[in-house]
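Visitor: Here you go, one structure.
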Amino acid sequence: MGKQPLRRKGVSYAKWGYIFIAPFFIAYAIFHLAPQVLTIYNSFFENYREGLTQVGPNFVGLKNYVTLFTPDSSGSVDILKYAGNTVALWVGGAVPQIIIALLLAIFFTSYRLRIKGQAFFKAVIYLPNLIMASAFSMLFYTLFSNVGPVNQLLMQLGWSDHVIDFFAVKFTVRGLICLMNFLMWFGNTTILLMAGIMGIDQSLFEASTIDGASSLQTFFRVTLPLLTPILVYTIITALIGGLQMFDVPQVLTNGLGTPNRSSTTLIMYLNNYLGTSKNYGMAGAISVVVFILTGLLSVLVFKSLTRQREQ
Amino acid sequence: MKKLFALLLALVMILSLAACGDKGESAPPTEPDKEGAEPAKEGKVFNIHAWNEEFKGFFEKYYQVPEGITVNWIITPSADGAYQDKLDAALMSQSGAADDDKVDMFLAEADYILKYTNSDATQDITALGVTDFSNAYPYTVQAASDASGVVKGVSFQCCPAAMIYRRSIAKDVLGTDDPAQVQAAVSDWDKFNAVAEQAAAKGYLMTASEAATYRVFSNNVSAPWVDGNNNLQIDENIQTWMKQAKEFSDKGYTQDCDIWSDECTAQMFASGKAMCYFGPAWYFNFSMGNAQDAEKGCSGDWAICQGPQAHFWGGTWLLAASGSDNPSMLADVMNTFINDEEVCSLLVEKEAQFSNNKAVNAKFAEDPEFGSAFLGGQNDTAMFAEMAGNIKFENQTVYDQLLNEGLQSNWREYCKGTVSEEEAMSNFYKYVNEKYPSIVTP
């Protein structure tokens, strides 16, 4: 008997846990889940605006998806081409970004190097991320335009005898986009990876040094395996960001994805439908495809990286 | 320290929440108040949507705003349909908007004016008190009328367009800078193309953008962009332009760039190599700032002649939005800019406009003393008055602006040589499908 009141007093604090995490789930349901469901719903309708007249919404089943995957006159499917562009642009920016960030993170955390003025360098490499992507892209557009300073410089130095149209060549346009994405994001990644490396027990590094491991061996046998969780997180967030790439190529190519739509990303394609025609049906269908693609790629990255660790 | 930081964060959050709450709660009660107190009087805010500052400048200088009314300008650049998008959103929510937020007047260009005149978003201005169109050029009235002839707005300018050429370059290439003789040398497209070859031989560019001549061709089309079944059709005249653009680009007679790009306007400086630009009065006084630059420009080194084909470009129509809460001011603004002789004279004299008032234009056309300093003393009004009679407003569609822009930018890639002709056209059709799902493309 004596113990029973005590038990009654032993209130369950679990409900407070739920109450405290509730705001996130409420916000998620309103701002993420609901729009997502609506987008899927919209993708089955014909719903656009023609001037001042609204057409639809009329239920059309899978027609939008069929249109999306119908090959054009030359036999290529637009959305696959844009998905390819997006992945190419992402890989071109993300691979050097992660390599450089990893390198910098190791330099900054190395107990041997003890780099001075770390705070300063960290701030500097992070700075490009503070500029609005569209402003950054406008800056590059001005720099590399036909009448811009880069062309003037090249001509004055005698390296080129004619104006180079950087925006007419697939390689340079894509290169510039990758470069911008790299510049904007490598600082952020460096800081994330540094946090990951600093979370590793320093004594492990010391132990490996005492055992006679070289720097490379330490990196591949100690740092990298223990860094995997953070690395996976970094790559997946970069991937999701990369698939949603929009502002940099949009501003740089004036929304046209020149040359020959080879720098049109999936979201730029979506934006083309949302612009004048407010075509929610087609835009919804594209969003659903992007959503599925993002999910698949994330699983792929996650699986491949975590399997490596198990081995 | 941490506690202080946490406290600060908490405060910021509470304040921002409170600020949001404030807006939501205190705003509504004031509005019904206003409506209830003065229902008969006109609104206090006159909202004008426009895509640039041109008309705003004239309005502020020459129109006396009635006391107690604030004029609110909503300016959105027109490229890629941004202006139309924003305007459409405002017009579609017009009925639910508070009086002070209602669009009262908006500006529109020839390329898309039909979209608005043929909709309920605009209203009959004759009912508001704008009834005298005797001095306006007929095409400006026709363009602002809906299918059944109801007039929905007025244009404050008439826009016959001319070939604007550099006198010094013309002298070097043709041996003369006299408008009549230059006109004789470029009176049709074959002659124009031949002059381009001569100019290129001397190291000049015939035009600064392959799209410079686009308007001349597109204004003289024999069929609109879409047929009765909404099929896209490319008129023969447009196809001629496409051929010319590629030829000019390949032979180096022009540059591959947009007519509004820095590259194109850089050629307007004294150091520029381009011989011809095409445009109406507003083009050389509003869009040729580089040529008028005090240090690097070449004001006075220009002249105009009709060029290979008569055409017009733009014109800014003032349209009356349905549901405006300032009907009498609306009518007054419109009357001022087409019928007030003093204001129209000032537009011609001080602003180098070609006004939409025949009587005023005729006065300046006959004045031997009158001339434009920018054009080396040439009386442009006389030239335009002659050309204004030839303007036809026909074969327009609501799609013109974006189809014109889209064809030019996609065709430019072919001119540059980055895509094949088929790819360029396929990209153009994709662009059309994205912008206008109802248009059927090949």
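The values are calculated or read from the model by the stated rules, or taken from the named source; none is laboratory data. Note that the structure is a prediction, hence the values are computed from the model and not measured. Neighbour counts are summed over all protein chains in view; Cβ atoms, including those assigned to glycine, are modelled from backbone coordinates with ideal geometry. With ligands, DNA and RNA removed, areas are computed over all heavy atoms of the protein, side chains included. Shrake-Rupley method; radii C 1.70, N 1.55, O 1.52, S 1.80 Å.
Visitor: Please build a GNM for chain B, connecting alpha carbons under 10 Å apart, and tell me which residue among B:92, B:425, B:383 fluctuates the most.
Guide: Among B:92, B:425, B:383, the largest mean-square fluctuation in the Gaussian network model of chain B belongs to B:92.
Visitor: Further question on the same structure: When DSSP beta bridges are limited to those with both residues in chain B, what percentage is antiparallel, rounded to the nearest 5?
Guide: The antiparallel fraction comes to roughly 65 percent.
Visitor: Could you quote the convex hull projected area for chain A, Cα atoms only and averaged over all directions, in nm²?
Guide: 28.5 nm²
Visitor: Amide H neighbours of residue B:71 under 5 Å, at least 5 residues apart or on other chains, H built in the peptide plane: list them.
Guide: Residues meeting the amide H criterion: B:46.
Visitor: Order the following by accessible area, largest value first: B:259, A:131. Probe radius 1.4 Å; ligands, DNA and RNA are ignored.
Guide: Largest accessible area first, the residues go A:131, B:259.
Visitor: Compute the longest continuous run of chain B that contains no exposed GluC sites (Glu not before Pro); treat a site as exposed when its DSSP state is not H, G, I, E or B and it has at most 14 other Cβ atoms within 10 Å.
Guide: B:68-294
Visitor: In this model, which of B:202/B:416; A:170/B:191; B:56/B:152 are farther than 31 Å apart at the alpha-carbon?
Guide: As for pairs spanning more than 31 Å Cα to Cα, those are A:170/B:191.
Visitor: Here's something else I'd like to know. Roughly speaking, what % of Cα-Cα pairs in segment B:295-414 are separated by over 19 Å, rounded to a whole number?
Guide: The proportion of pairs with Cα distances above 19 Å equals 64 percent.
Visitor: In what sequence, largest accessible area first, do B:269, A:107 appear using a 1.4 Å probe?
Guide: A:107, B:269
Visitor: Report the Stokes-Einstein translational diffusion coefficient (µm² s⁻¹, integer) for chain B, Rh taken as the Kirkwood radius over Cα pairs, at 20 °C with viscosity 1.002 mPa s.
Guide: Reported coefficient: 90 µm²/s.
Visitor: Sticking with this one: If you count only protein heavy atoms and use a 1.4 Å probe, how large is the accessible surface of residue A:169, to the nearest 10 Å²?
Guide: Near enough 70 Å² of accessible area.
Visitor: Same structure again: How high is the FRET efficiency between residue A:237 and residue A:70 when r is their beta carbon distance and R₀ equals 30 Å, given to the nearest 0.05?
Guide: 0.35
Visitor: Shifting gears a bit: Running a GNM on chain B with Cα contacts under 10 Å, which residue among B:194, B:291, B:270 ends up with the highest mean-square fluctuation?
Guide: B:194
Visitor: Please turn the phi angles of segment B:57-62 into ³J(HN,Hα) values with the Karplus equation 6.51 cos²θ - 1.76 cosθ + 1.60 (θ = phi - 60°), one per residue in order, whole Hz, x for glycine and proline.
Guide: Once rounded to whole Hz, the list reads x, 5, 4, 5, 7, 10.
Visitor: Another question, if that's okay. Gap in Å between the Cα centre of segment B:347-403 and the Cα centre of segment A:249-304?
Guide: Taking the Cα centre of segment B:347-403 as reference, the centre of segment A:249-304 is 46 Å away.
Visitor: Along each principal axis of its Cα atoms, how long is the protein assembly as shown end to end? Whole angstroms, biggest number first, please.
Guide: On the principal axes, the protein assembly as shown reaches 109, 73, 54 Å in Cα extent.
Visitor: Within segment B:166-214, which trypsin sites (Lys or Arg not before Pro) sit in a loop by DSSP and count at most 12 neighbouring Cβ atoms inside 10 Å?
Guide: Answer by residue number: B:202.
Visitor: Averaged over its residues, how many other protein chain Cβ atoms are within 10 Å of peptide B:424-436's Cβ atoms?
Guide: 5
Visitor: Ranked by accessible surface with a 1.4 Å probe, highest first, in what order do A:144, A:20 come?
Guide: The most accessible residue leads, giving A:20, A:144.
Visitor: Restricting to Cα atoms and excluding each atom paired with itself, what does the Kirkwood estimate give for segment B:228-365 in Å?
Guide: With all distinct Cα pairs of segment B:228-365 included, I get 18.6 Å.
Visitor: Follow-up. Over segment B:153-281, what is the mean sequence separation of C-alpha contacts under 8 Å (at least six apart), divided by residue count, expressed as relative contact order in percent?
Guide: Taking the mean separation of contacting Cα pairs over the length of segment B:153-281, I get 37 percent.
Visitor: Once amide H atoms are built 1.01 Å from N in the peptide plane, which residues 5 or more positions from residue B:440, or in another chain, come under 5 Å H to H?
Guide: Residues meeting the amide H criterion: B:231, B:232.
Visitor: Here is a follow-up. How much accessible surface area, in Å² rounded to 10, belongs to the heavy atoms of residue A:141 with a 1.4 Å probe?
Guide: 80 Å²
Visitor: Just name one of B:129, B:147, B:174: the one whose Cα is farthest towards the positive end of the charge dipole of chain B (beta-carbon charges, Lys/Arg +1, Asp/Glu -1).
Guide: B:174
Visitor: Using the Karplus curve 6.51 cos²θ - 1.76 cosθ + 1.60 with θ = phi - 60°, what ³J(HN,Hα) values do you get for each residue of segment B:104-117, in whole Hz, with x for Gly and Pro?
Guide: Using θ = phi - 60°, the values come out as 9, 9, 9, 9, 9, 9, 4, 4, 9, 4, 4, 4, 8, 5 Hz.
Visitor: What's the center-to-center distance, using Cα atoms, between segment A:108-177 and segment B:409-442 in Å?
Guide: Here the two parts' Cα centres lie 31 Å apart.
Visitor: Mind checking segment A:48-124 for trypsin sites (Lys or Arg not before Pro) that DSSP puts in a loop (not H, G, I, E or B) and that have at most 13 other Cβ atoms within 10 Å?
Guide: A:112, A:114, A:116
Visitor: Which helices, taking whole DSSP H runs in chain A, have alpha carbons extending 18 angstrom or more along the helix axis plus mean Kyte-Doolittle at least -1.0?
Guide: Qualifying helices, which must be both long enough and hydrophobic enough, are A:14-28, A:78-109, A:170-198, A:224-243, A:280-310.
Visitor: Another question, then. Expressed as a rounded percentage, what relative contact order does segment B:102-158 have, with Cα pairs under 8 Å and six or more residues apart?
Guide: Relative contact order comes out at 35 percent.
Visitor: I'd like the distance between the alpha-carbon centres of segment A:23-80 and segment B:288-303, rounded to an integer number of Å.
Guide: 51 Å
Visitor: Looking at this model, which pairs from B:86/B:243; B:363/B:392; A:303/B:430 are more than 32 angstrom apart at the alpha-carbon?
Guide: Result: B:86/B:243; A:303/B:430 exceed 32 Å.
Visitor: Would you check the accessible area of residue B:51, probe 1.4 Å, heavy atoms only, in square angstrom rounded to 10?
Guide: Approximately 40 Å² of residue B:51 is accessible to the 1.4 Å probe.
Visitor: Counting alpha carbon pairs within less than 8 Å and at least 6 residues apart, what relative contact order, in whole percent, applies to chain B?
Guide: 22 percent
Visitor: Which value, in Å², gives the accessible area per residue of the protein assembly as shown when a 1.4 Å probe is used on the protein heavy atoms?
Guide: Here the per-residue accessible area is 49 Å².
Visitor: What are the extents of the Cα atoms of segment A:46-125 along their three principal axes, listed from largest to smallest and rounded to whole Å?
Guide: For segment A:46-125, the Cα extents along the three principal axes come out at 66, 33, 21 Å.
Visitor: Of the listed peptides A:69-79, B:93-103, what is their order by residue-averaged count of other C-beta atoms within 10 Å, with the highest listed first?
Guide: In descending order of packing, they fall as B:93-103, A:69-79.
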